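Comments concern the structure below.
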Amino acid sequence: VVEVGPGKGALTAPLLELYPAMRAIEIDRRAIFYLATALPQVPVLHGDVLAYDWHALRQELGSRVSVIGNLPYAVTSQILFSLFDASPSIRRAVVTLQLEVAQR
């Protein structure tokens, strides 16, 4: 399981109980620093999810990846399209989005 944009870990902590081998991708260095202190057992990769190499992660893990995240309004569409493009490496994606995005 890979969490996209964990921020301060509101979803991360409960997910960690279910998926102890989970990891996260975060672009904000402040959030990465916070998570390193609050949830040091979760590897947090610093990077832009839009440029993430899902195929390489699939190769590393030996299986398709499950993705979860509360997507930010400003880049929701771009993240969804990026996940669609990476669909051969993604088993499933469970995301939440703002109502306004869903209505578009």
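The values are calculated or read from the model by the stated rules, or taken from the named source; none is laboratory data. None of these values were measured; they are calculated from a predicted model. Cβ coordinates were reconstructed from backbone atoms using ideal geometry, including for glycine residues, and neighbour counts include every protein chain displayed. These accessible areas exclude ligands, DNA and RNA; they are computed on the full protein's heavy atoms, side chains included. Shrake-Rupley method; radii C 1.70, N 1.55, O 1.52, S 1.80 Å.
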Subset of the range 2-23, residues under 20 Å from Arg91 (Cα atoms) and of a type in the set (A, V, I, L, M, F, W, C), comes to Val2, Val4, Leu11, Leu15, Leu16, Leu18, Ala21, Met22
For Lys8, which of the numbered conditions (1) in a strand (DSSP E or B); (2) open to solvent by 80 Å² or more (accessible area, probe 1.4 Å) fails to hold? (1)
Run down Ser82, Ser63, Ser77 and say which single residue is more than 16 Å from Ile27 (Cβ to Cβ), touching a helix residue (DSSP H, G or I) at 6+ places or on another chain (Cβ under 8 Å) and in contact (Cβ under 8 Å) with a residue 12 or more places away in the chain. Ser77
Restricting to the range 23-40, name every residue that is open to solvent by less than 50 Å² (accessible area, probe 1.4 Å), in contact with a Gly (Cβ under 7 Å, 6 or more places away or on another chain) and not in a helix (DSSP H, G or I). Ile25, Glu26, Leu39
When only residues in the range 41-67 that are open to solvent by 90 Å² or more (accessible area, probe 1.4 Å) and not in a helix (DSSP H, G or I) count, which is nearest to Ala93 (Cα to Cα)? Arg64
Going through the range 68-100 one residue at a time, which ones are in a loop (DSSP other than H, G, I, E, B) and not polar (S, T, N, Q)? Leu71, Pro72, Ala86, Leu97
